[in-house]
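In what follows, a single structure is set out as structure tokens and then discussed.
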Amino acid sequence: MKRLLVLLGVAGVSLSAVFVRWSTAPSLVLAVYRMVFSALLLLPLAIARREEFRTLRRRELCLSLLSGAFLGAHFACYFESLRWTSIAAAVVLVDTEVIFVALASVLLLRKKLGCRAWTAVLLAFGGSAAVALADASGGGGTALRGNLFALTGSVCMAVYTMLGTVCRRRLSTTIYTWLVYAAAAGTVLSAALVSRQSLVGWGTENLLAALGMAVFCTLLGHSVFSWGLKFLPPAFVSTVKLLEPVFASVWGLFLFGERPGVQVILGGGVILLGIALYSREDG
């Protein structure tokens with residue numbers, strides 16, 4: 001059941017690319033709108049658990065805020081990558097996070113991943129790569145720039161995931177995610193102010209796009225990932241996220257009439273095989 005909820009979270013997160021493509025505001029503006037909405041929507045639940053703030057340790061507070069800063073940086077990089085490369089390429093490169101998380105789990109958390117687990121991770125990543133190659137022409141001459149932004153976002157997301165693994169050992173999902181979203185909002189807002197990016201005058205459609213991302217992608221997506229980190233290995237959570245390109249292709253079919261090719265279908269099958277293999281390894 002826990003794995004199924006994480007899978008549904010991936011479906012929510014995959015809508016992010018759709019909302020970004022529908023929007024017209026700059027990447028930083030969208031990131032600010034999204035994280036401010038996310039923090040405000042979660043605020044009533046955080047207030048209801050305000051007693052937990054009294055037991056919050058300084059180390060937990062600092063790590064949660066740092067985790068949020070990396071999440072904000074991830075969103076800024078990911079949104080920008082979608083301006084320069086294809087949705088499939090951007091999503092799959094961001095999802096290389098699973099490789100960084102698996103390595104960090106071994107090197108920093110001293111967790112042992114067996115041969116089956118590593119095979120599962122590589123299978124899932126290979127399936128995502130196949131999905132990206134199916135849309136290789138989408139990025140044009142600007143693809144390299146977009147891909148570099150996506151890779152940077154991948155590293156930021158990996159750090160966010162690992163920090164979340166540490167913080168979620170004691171903190172509730174509500175308090176941890178609110179701290180993270182507030183810190184992410186502060187990070188992207190600071191970046192927008194430093195770059196002198198105007199935050200007003202972008203129209204109702206961009207506010208609605210950001211609100212959609214806050215509800216479906218953040219609260220019903222990333223919050224589910226944060227919840228799952230308390231019960232599931234971080235490498236498993238990251239591996240399941242590799243299904244995002246497949247879900248994105250499904251949204252593209254229903255919303256934009258983009259039919260996925262055979263390569264996308266086969267790639268999705270390889271990803272599912274990798275996830276199933278990892279689930280058996282984790283027992």
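The values are calculated or read from the model by the stated rules, or taken from the named source; none is laboratory data. Please read all numbers here as calculations on a predicted model, not as lab measurements. Because the Cβ atoms are built from the backbone with ideal geometry, glycine has one as well, and the counts that use them run over all protein chains shown. The area values use the complete protein model at the heavy-atom level, side chains included, leaving out ligands, DNA and RNA. Shrake-Rupley method; radii C 1.70, N 1.55, O 1.52, S 1.80 Å.
Things worth noting here:
- Average accessible area per residue (Å²) across segment 24-79 - probe 1.4 Å, nucleic acids and ligands excluded: 49 Å²
- Per-residue SASA entry for Lys230, accessible area with 1.4 Å probe, Å² rounded to 10: 90 Å²
- Leu56-Phe254 FRET efficiency (beta carbon distance; Förster radius 45 Å; 0.05 resolution): 0.60
- For Val155, the accessible surface of its heavy atoms amounts to roughly 70 Å² (probe 1.4 Å, protein chains only, rounded to the nearest 10).
- Spatial separation of Cα centroids for segment 184-208 and segment 13-58, in angstrom: 13 Å
- Potential extension, Arg116-Arg49 segment - 0.36 nm per residue separation minus Cα distance: 20.1 nm
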